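Asks: Here it is: the structure, laid out below.
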Amino acid sequence: MGRIPIRALSPQQPENNWPAKAFVGEVVPFEATVFKEGHDVLGVELLLTGPDGVQSKHRMVEIGKGLDRWQAHALLDVQGTWVYRVQAWNDEWATWLHNAEIKVPAGIDVPLMLLMGSQLLARAAKADPENKVLKDAAKVIASKSVAPLVRLAAATDPRVTEEIEKQPLATLVTQSAPLEVRVERARAGAGSWYEFFPRSEGAKKAKDGTWTSGTFRTAARRLPAVAGMGFDVIYLPPIHPIGVSFRKGPNNTLDPAPGDPGSPWAIGSKEGGHDAIHPDLGTVVDFTAFVDTARKSGLEVAIDLALQCSPDHPWVTEHPEWFTTLPDGTIAYAENPPKKYQDIYPLNFDNDPIGIREEVLRIVKYWIALGVTIFRVDNPHTKPLQFWEWLLHEVNTEFPDVVFLAEAFTRPAMMYSLGQVGFQQSYTYFTWRTTKLELEEFLTGLSHELSDFFRPNLFVNTPDILTEYLQFGGPAAYKIRAAIAATASPSWGVYAGYELYENVARPGSEENIDNEKYEYKSRDFAKAEAEGHSLAPYITRLNTIRAEHPALRQLRNLDVHWSDDDSILVYSKYLDGRFTRSGRGDALIIVANVDPHSVRETTVHLDPTRFGLEPGEVFEVTDLITKQKFSWGTDNYVRLDAFTEPVHILRVELPRGK
């Protein structure tokens with residue numbers, strides 16, 4: 001413990017076993033609890049050292065009166081390891097001034113107080129002999145021929161304050177121990193994802209009902225449309241050969257017909273395993289051409305890393321020790337009762353952990369060499385945490401730009417630990433958080449409680465998840481969920497078909513009927529849009545708003561506000577002008593009617609200080625969806641019709657300098 005206690009530094013991970021996380025362009029709130037016995041005034045600053053070794057200082061301010069909590073915001077704009085300390089000191093000038101402003105007007109110890117003040121200023125002037133402001137003020141305060149209140153006024157001159165701030169009169173200077181923040185590239189924290197099955201893109205159905213698979217070449221034709229909607233990442237489910245043994249048929253049946261393609265997650269056949277491409281999709285040359293086309297369209301390619309095998313995978317015969325053999329001699333297939341995955345064998349990481357580690361590392365490096373920069377990892381929570389800690393460290397040490405997304409719908413301890421050991425992003429419980437209260441708690445947790453180590457990617461749907469909210473909420477539900485996902489988190493995602501309002505579930509499940517996991521799916525996106533039955537224009541608008549508003553590409557800046565209606569969710573996102581290219585603050589207010597079956601009228605209550613304005617200040621807002629303009633303040637009437645526009649995305653017209 002230093003002379004001045006400096007405790008509870010943030011950001012840092014629980015237990016501080018790994019560095020806290022941020023991404024390039026993220027504005028991070030640095031905080032510490034700093035206090036001292038007695039009533040002296042403290043000064044606190046953040047000492048921040050970038051990967052280049054250059055140190056910057058940021059004065060911290062006290063937040064929450066009486067809590068001794070101090071904060072400074074800093075923009076982390078370079079990839080690499082940053083180091084920070086918090087430095088505190090006894091601020092002699094501020095302590096004297098506080099006491100003098102009480103005592104001198106009251107006539108208490110006046111000569112002594114003014115003598116102390118003149119000595120402090122003389123000391124400051126001695127350290128800066130050319131500083132006329134300090135010299136002149138010191139003379140006035142020391143002059144016994146001048147009235148005491150005039151002498152005190154010289155000490156409160158803003159010019160004096162400004163000069164003292166440059167070189168505080170500090171004693172008992174104390175520094176905290178250093179902590180690290182690992183800053184990853186911008187895509188590790190912000191992006192818009194679109195998922196499609198390449199085998200469906202360009203697939204053809206013959207008159208006799210048989211299908212011809214789409215290929216990487218036909219799938220590439222869809223990329224300009226995906227990029228045109230404003231997406232940054234195109235995610236492909238597994239592209240490897242699919243096993244024949246126990247292959248699943250349509251709707252997860254156990255009796256596939258000839259020509260049924262099977263689940264891409266049943267990886268491996270005589271054509272190869274995790275380092276092979278399904279022959280129907282093309283060759284390695286076709287894949288790299290797809291990656292190049294995506295890159296030219298402004299898209300990065302993410303592929304699936306699913307560490308499981310079909311019974312036909314080469315590993316089953318080459319490395320039987322990598323699986324679990326049951327007492328009857330059979331290999332255990334994957335199951336999550338009551339779900340059964342007879343076409344998949346899970347790996348057993350305990351029989352030969354070194355062998356599995358090295359093979360998986362080889363596979364990941366193979367795909368990186370082919371241009372893959374992002375891996376969406378299937379069910380990482382069913383593999384040892386120790387394995388992921390090792391693998392991600394090995395990969396990111398050599399390839400710091402590679403991003404891993406954890407598809408971990410599991411208990412919080414495992415989900416959050418995956419983020420702590422290195423996963424750059426994670427799926428979340430967002431799909432099941434649909435009420436106002438659920439979303440308020442959920443979004444606040446993501447933004448303020450978990451953000452030092454956990455980065456959410458708010459997918460609105462997946463091939464496995466079609467919630468009741470979407471099944472029965474109609475087009476309004478699809479708008480609401482997309483608007484919240486795109487504005488609440490810097491990363492969000494959509495699985496193809498969402499824009500077509502595909503909402504029919506297989507009876508008794510949360511999956512789409514005729515699920516694309518088990519069959520080809522033909523969609524006419526252009527026709528649906530031409531007929532006005534597509535959400536694509538709305539999604540495009542959301543991504544355009546995201547591109548134009550840097551506040552939406554931040555994670556830690558979400559603040560929940562209030563409404564009088566149980567179904568009207570209100571939150572804001574704000575980025576101070578110090579951190580924007582234009583120098584102007586960026587503030588948005590999102591007001592969402594989360595009941596897709598209703599028209600709601602209510603009063604919204606705002607705290608304008610959360611987006612750079614004064615309490616009670618009146619301001620103008622523009623709805624970025626409808627272009628309507630409103631004059632708003634602390635309390636505002638709102639009417640949201642779920643059947644037309646269920647969500648306001650309001651730009652606050654901040655005055656210059658805010």
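The values are calculated or read from the model by the stated rules, or taken from the named source; none is laboratory data. These numbers come from a predicted model, not from an experiment. Positions of Cβ are generated from backbone atoms using ideal geometry, with glycine treated the same way; all protein chains shown enter the neighbour counts. The accessibility values were calculated without ligands, DNA or RNA, using every heavy atom of the protein model including side chains. Shrake-Rupley method; radii C 1.70, N 1.55, O 1.52, S 1.80 Å.
Asks: Once the Cβ-Cβ distance between D128 and A369 is put in as r, and R0 is 60 Å, what FRET efficiency do you end up with, to the nearest 0.05? Don't jump to the answer; show the numbers that get you there.
Replies: Working: r = 59 Å, r/R0 = 0.98.
In this case the efficiency is close to 0.55.
Asks: Does a label point 7 Å from the Cα of K340, set along Cα-to-beta-carbon, have any residues of the stretch 217-254 with amide nitrogen under 11 Å, and which are they?
Replies: Residues passing the 11 Å test: 254.
Asks: Between R185 and residues 5 or more places away or on another chain, which pairs have amide H atoms under 5 Å apart, with H built 1.01 Å from N, and which residues are they?
Replies: Counting only residues 5 or more places away or on other chains, the set is V24.
Asks: Going down the table (K436/K527; K479/K627; K270/K517; K36/K139; K139/K658), which pairs top 28 Å between alpha carbons? Spell out each step's value before the answer.
Replies: Working: K436/K527 35 Å; K479/K627 17 Å; K270/K517 21 Å; K36/K139 32 Å; K139/K658 38 Å.
Too far apart for the 28 Å limit: K436/K527; K36/K139; K139/K658.
Asks: Please give the contour-minus-distance gain from V54 to D350: 0.36 nm per residue of separation, less the Cα-Cα distance, rounded to one decimal in nm.
Replies: Details: separation 296, 0.36 × 296 = 106.56 nm, distance 4.50 nm.
Contour length minus Cα-Cα distance gives 102.1 nm.
Asks: Which sequence of H39, H549 reflects their accessible areas, 1.4 Å probe, from the largest down?
Replies: On the way: H39 175, H549 15 Å².
These residues rank, largest area first, as H39, H549.
Asks: While we're looking at this one, here's another question. Taking the Cα centre of each part, how many Å lie between the stretch 194-233 and the stretch 446-494?
Replies: About 24 Å separates the Cα centre of the stretch 194-233 from the one of the stretch 446-494.
Asks: As an exercise, use a Förster radius of 56 Å and the Cβ-Cβ distance of T435 and A147 to find the FRET efficiency, rounded to the nearest 0.05. It would help to have the intermediate numbers written out before the result.
Replies: Details: r = 65 Å, r/R0 = 1.15.
E(calc), rounded to 0.05, equals 0.30.
Asks: Oh, and also: Where does the charge balance sit around V360 when Lys and Arg score +1, Asp and Glu -1, over other residues with C-beta under 14 Å from its C-beta? Could you put the intermediate results ahead of the total?
Replies: Details: positive: R357, R362, K365, K383; negative: D275, D304, D352, E358, E359, D378, E389, E394.
Every neighbour counted, the sum reads -4.
Asks: Let me ask something else. Could you give the length gained on full extension between D607 and D514, defined as 0.36 nm per residue of separation minus the Cα-Cα distance, in nm?
Replies: Working: separation 93, 0.36 × 93 = 33.48 nm, distance 4.74 nm.
The span from D607 to D514 would gain 28.7 nm if fully extended.
Asks: Starting from the Cα of L75, move 7 Å in the Cα-to-Cβ direction to define the label point; list residues of the stretch 628-658 whose amide nitrogen is under 16 Å from there.
Replies: Hits in the stretch 628-658 for L75 at 16 Å: 657-658.
Asks: Now a separate question. With the full set of protein chains in place, find how many percent of the accessible area of the stretch 400-509 is carbon and sulfur; take the probe as 1.4 Å. Kindly include the intermediate steps, with their values, before the conclusion.
Replies: Details: 1760 of 3150 Å².
Carbon with sulfur: 56 percent of the solvent-accessible area.
Asks: Sticking with this one: Against the 2.2 N^0.38 Å scaling, with N counting residues, where does the chain land? I'd like the Cα-based Rg ratio to two decimal places. Numbers along the way, then the final one.
Replies: On the way: Rg = 29.8 Å, N = 658, 2.2 N^0.38 = 25.9 Å.
Taking the Cα Rg and dividing by 2.2 N^0.38 Å, one obtains 1.15.
Asks: ³J(HN,Hα) across the stretch 362-368 via Karplus (A = 6.51, B = -1.76, C = 1.60, θ = phi - 60°), whole Hz, x for Gly/Pro?
Replies: 4, 5, 4, 5, 4, 6, 4
Asks: Net charge around K132, counting only other residues with Cβ within less than 11 Å of its Cβ (Lys, Arg = +1; Asp, Glu = -1)?
Replies: On the way: positive: K135, K139, R159; negative: D128, E130, D136, E163.
Counting the neighbours of K132, the net charge comes to -1.
Asks: So what's the net charge close to Q13: Lys and Arg +1, Asp and Glu -1, counting the other residues with Cβ under 11 Å from its Cβ? If you can, show how the numbers build up before the last one.
Replies: Numbers: positive: K21, R182; negative: E15, E180, D452.
Net charge around Q13: -1.
Asks: Related question: If R0 is 25 Å, what FRET efficiency do you get for T283 and A547 from their C-beta distance, rounded to 0.05?
Replies: On the way: r = 35 Å, r/R0 = 1.40.
Calculated value: 0.10.
Asks: A further question on this structure: Roughly what would the spin-label model give for A276 and T644, points 7 Å off Cα along C-beta, in nm?
Replies: It is 5.8 nm.
Asks: For a protection proxy built on the mean count of beta-carbon atoms within 10 angstrom, sort 493-504, 52-63 highest first, please.
Replies: Details: 493-504: 21.4, 52-63: 12.0.
Top of the packing list down: 493-504, 52-63.
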